[in-house]
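Undergrad: Right, I'll just put the structure down here and ask away after.
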Amino acid sequence: MKVILFNKPYDVLSQFTDREHGRDTLAQFIPVKDVYVAGRLDRDSEGLLVLTDHGPLQARIAQPRNKMPKTYLAQVEGLPSEQALDSLRQGLMLKDGPTLPAGARRIDEPDWLWPRDPPIRWRANIPTSWIELTLREGRNRQVRRMTAAVGLPTLRLIRWAVGDWCLRDLPPGCWKEVSPPAFSGHRARP
């Protein structure tokens with residue numbers, strides 16, 4: 001079983017081909033054959049992608065019913081109030097239904113953070129701040145929709161961790177193969 005961790009740069013698709021538009025894809029960074037993304041990141045998001053050649057592991061990571069935690073660092077417009085963070089922690093009602101409760105806390109800007117190209121928009125009169133969110137589901141653009149729902153639009157989004165795997169010192173555009181988890185591929189029965 002192969003397991004690859006990749007730090008996806010901004011403006012790269014979470015797939016190996018883009019015949020329609022010719023945009024940057026994983027194929028430009030990862031020369032390993034027969035591995036597949038386990039949980040996507042939007043083109044305008046950065047950070048950890050897990051790829052594997054093992055279907056049951058891919059499903060365990062990507063399927064929302066498995067509730068594997070995924071931790072994101074979001075640079076948001078504005079300063080989060082305790083009330084906004086509590087709303088994220090309790091779960092919110094979005095257009096597609098309620099979210100599960102999330103881990104949410106304000107953090108300092110990470111000191112290991114790489115510059116983004118292009119940089120985020122900057123406004124002199126509107127402060128930005130960072131929050132850490134841990135979700136156990138994975139809806140389309142969920143972090144961005146959740147932060148917007150509490151009045152904190154996301155300017156930059158980085159997935160830091162998937163389960164026990166995290167970016168640590170993996171630079172953008174780089175990948176590494178890691179040991180697979182102890183995993184039989186079968187779910188324990190209740």
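Undergrad: Of all residues in region 67-100, which are assigned to a strand (DSSP E or B) and crowded, with 16+ Cβ neighbours inside 10 Å? Quick ask: steps written out before the conclusion?
TA: Here is the first cut: in region 67-100, the residues assigned to a strand (DSSP E or B) are 70-77, 93-94, 97-98.
Residues satisfying the conditions are Lys70, Thr71, Tyr72, Leu73, Ala74, Gln75, Val76, Glu77.
Undergrad: Let me ask something else about it. Contact list please: Cβ distance under 6 Å, first residue in region 78-98 and assigned by TED's automatic domain parsing to the domain that holds Ala124, second residue in a strand (DSSP E or B) and surrounded by fewer than 15 Cβ atoms within 10 Å (Cβ to Cβ), pairs at least six apart or on different chains.
TA: Matching pairs, first to second residue: Gly91/Pro98.
Undergrad: Now for a separate question. Which one of these does Arg19 not meet: (1) surrounded by 13 or more Cβ atoms within 10 Å (Cβ to Cβ); (2) basic (Lys, Arg); (3) not assigned by TED's automatic domain parsing to the domain that holds Glu132?
TA: Failed condition: (1).
Per-residue answers, yes or no, for (1) touching a Leu at 6+ places or on another chain (Cβ under 7 Å); (2) outside the structural domain of Asp42 (by TED's automatic domain parsing); (3) under 24 Å from Val50 (Cα atoms); (4) surrounded by 15 or more Cβ atoms within 10 Å (Cβ to Cβ):
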{"residue": "Ala102", "(1), (2), (3), (4)": "yes, yes, yes, yes"}
{"residue": "Trp122", "(1), (2), (3), (4)": "no, yes, no, no"}
{"residue": "Pro127", "(1), (2), (3), (4)": "yes, yes, no, no"}
{"residue": "Gly138", "(1), (2), (3), (4)": "no, yes, yes, yes"}
{"residue": "Met146", "(1), (2), (3), (4)": "yes, yes, yes, yes"}
{"residue": "Leu157", "(1), (2), (3), (4)": "no, yes, yes, yes"}
{"residue": "Arg168", "(1), (2), (3), (4)": "no, no, yes, no"}
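Undergrad: So, one more: Residue check, Gly22 against (1) small (Gly, Ala, Ser); (2) without any contact (Cβ under 8 Å) to a residue 40 or more places away in the chain; (3) under 18 Å from Gly138 (Cβ atoms), all met but one. Which one?
TA: All conditions pass for Gly22, except number (3).
The values are calculated or read from the model by the stated rules, or taken from the named source; none is laboratory data. Treat the numbers as computed from the prediction; the structure is a model and nothing was measured. We place every Cβ from the backbone using ideal geometry, glycine too, and count neighbours over all the protein chains shown.
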